[in-house]
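Working notes, structure below.
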Amino acid sequence: MFVGWKERLGRVGQFLASARCLLCGAPGSGDIELCVACANSLARNTSHCERCALPLARTATLCGDCLKEERPWQVAWAPYRYGFPLDVLEARFKFGGNLVAGKVLSRQWIAAGAPPALPEVVVPVPLHVSRLRSRGFNQALELVKPVARHLGVRVDPRLLARVRRTDAQSELDAEARARNVLGAFEARFVEGLQHVAVVDDVMTTGATLAECALALRAAGVARVDVWALARTPKPDFKRAEATQL
């Protein structure tokens, strides 16, 4: 059937205006810049430690580390495993300033469901003022705002302050990460709060979130949970997972 030029132009305009997947360029799903196939390729953190959310190759209540040592938080919620292709979106957002990628990640976080328990308030891990100035935004805050709105939980960035500058954690091993953030955070304006969740974009060793939780507990908060979009598996995770297949 003959298609008029106006209709053709309309179709072209509709194609150009539609959301395109940030990962593969295919049409997005609805109004989100992520197609169904790429969304399904984001690894869910379905089998994990109930205390620190570490991905586990086999079902267990706690990981080896949590069996050996106490954590300053009650529960960790990290619905995704950190890795390809989630790491591509995260890098574009965090280091490239691509806020559309951040919106996509927030929407996927919302789609993952709800945490085990809802806190009174959530607080993002704060950036030092110098890093905030250079990056232009706090990635944890921008990620969690839509999630908290969806869950009906208040966000208050004032509850934690980074009182000294620290090196980038991504460049350090586990022991150095813990030393790097030791005493780096201070809790403020928490009087009367009983249950707070601290939020980061990615949880690797948990050192940063642990220091934040310790600061909140020292200030009188009875229960602290930690949230992250994704949890980094240990280096041997894939090998251990393969042995279970």
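The values are calculated or read from the model by the stated rules, or taken from the named source; none is laboratory data. These numbers come from a predicted model, not from an experiment. Cβ coordinates were reconstructed from backbone atoms using ideal geometry, including for glycine residues, and neighbour counts include every protein chain displayed.
Rundown of residues vs (1) buried (at least 23 other Cβ atoms within 10 Å of the Cβ); (2) under 22 Å from R71 (Cα atoms); (3) more than 15 Å from the chain's Cα centre (by Cα); (4) modelled with pLDDT under 95, yes/no style:
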position	(1), (2), (3), (4)
L159	yes, yes, yes, no
E175	no, yes, yes, yes
A178	no, yes, yes, yes
V199	yes, yes, no, no
M203	yes, yes, no, no
R223	no, yes, yes, no
A230	yes, yes, no, no
A240	no, no, yes, yes
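Considering only segment 146-154, I want to know if a residue exists there that is charged (D, E, K, R) and over 21 Å from T204 (Cα atoms). Write out each step before concluding.
Let us first name the residues in segment 146-154 that are charged (D, E, K, R), namely 149, 154.
Still in the list and also over 21 Å from T204 (Cα atoms): 149, 154.
The answer is yes, given that some residue of segment 146-154 is charged (D, E, K, R) and over 21 Å from T204 (Cα atoms).
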Counted residues in segment 205-221 being exposed (fewer than 15 other Cβ atoms within 10 Å of the Cβ) and either at pLDDT below 95 or at negative phi (or both) come to 1
Practice prompt. Report yes if R92 is charged (D, E, K, R), surrounded by 15 or more Cβ atoms within 10 Å (Cβ to Cβ) and outside any strand (DSSP E or B), otherwise no.
Written response: yes
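Can you spot a residue in segment 10-33 that is modelled with pLDDT of 90 or more, assigned to a helix (DSSP H, G or I) and either surrounded by 13 or more Cβ atoms within 10 Å (Cβ to Cβ) or touching a His at 6+ places or on another chain (Cβ under 9 Å) (or both)?
Pass one, segment 10-33, residues modelled with pLDDT of 90 or more: 20-28, 32-33.
Okay, now just the ones that are also assigned to a helix (DSSP H, G or I), so none.
No, the conditions are met nowhere in segment 10-33.
Name every residue in segment 61-101 that is in contact with a strand residue (DSSP E or B) (Cβ under 9 Å, 6 or more places away or on another chain) and of a type in the set (G, A, S), in order of residue number. Even if it seems obvious, please write down each step before you answer.
Within segment 61-101, the subset in contact with a strand residue (DSSP E or B) (Cβ under 9 Å, 6 or more places away or on another chain) is 63, 71-83, 86-87, 90, 93-94.
Passing the criteria: A76, A78, G83.
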Given (1) on the phi > 0 side of the Ramachandran plot; (2) in contact with a Phe, Trp or Tyr (Cβ under 9 Å, 6 or more places away or on another chain), V198 misses just (1)
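Tell me, please, whether a residue that is acidic (D, E) and either over 28 Å from R131 (Cβ atoms) or in contact with a Ser or Thr (Cβ under 9 Å, 6 or more places away or on another chain) (or both) can be found in segment 49-57. I'd like the intermediate steps shown before the answer.
Step one: list which residues in segment 49-57 are acidic (D, E), which gives 50.
Pick out the ones that are also either over 28 Å from R131 (Cβ atoms) or in contact with a Ser or Thr (Cβ under 9 Å, 6 or more places away or on another chain) (or both) and you get 50.
Checked segment 49-57: at least one residue is acidic (D, E) and either over 28 Å from R131 (Cβ atoms) or in contact with a Ser or Thr (Cβ under 9 Å, 6 or more places away or on another chain) (or both).
Of all the residues that make up segment 106-142, how many are loosely packed, with under 14 Cβ neighbours inside 10 Å, in a helix (DSSP H, G or I) and under 15 Å from the mean Cα position of the chain (by Cα)?
Matching residues across segment 106-142 total 1.
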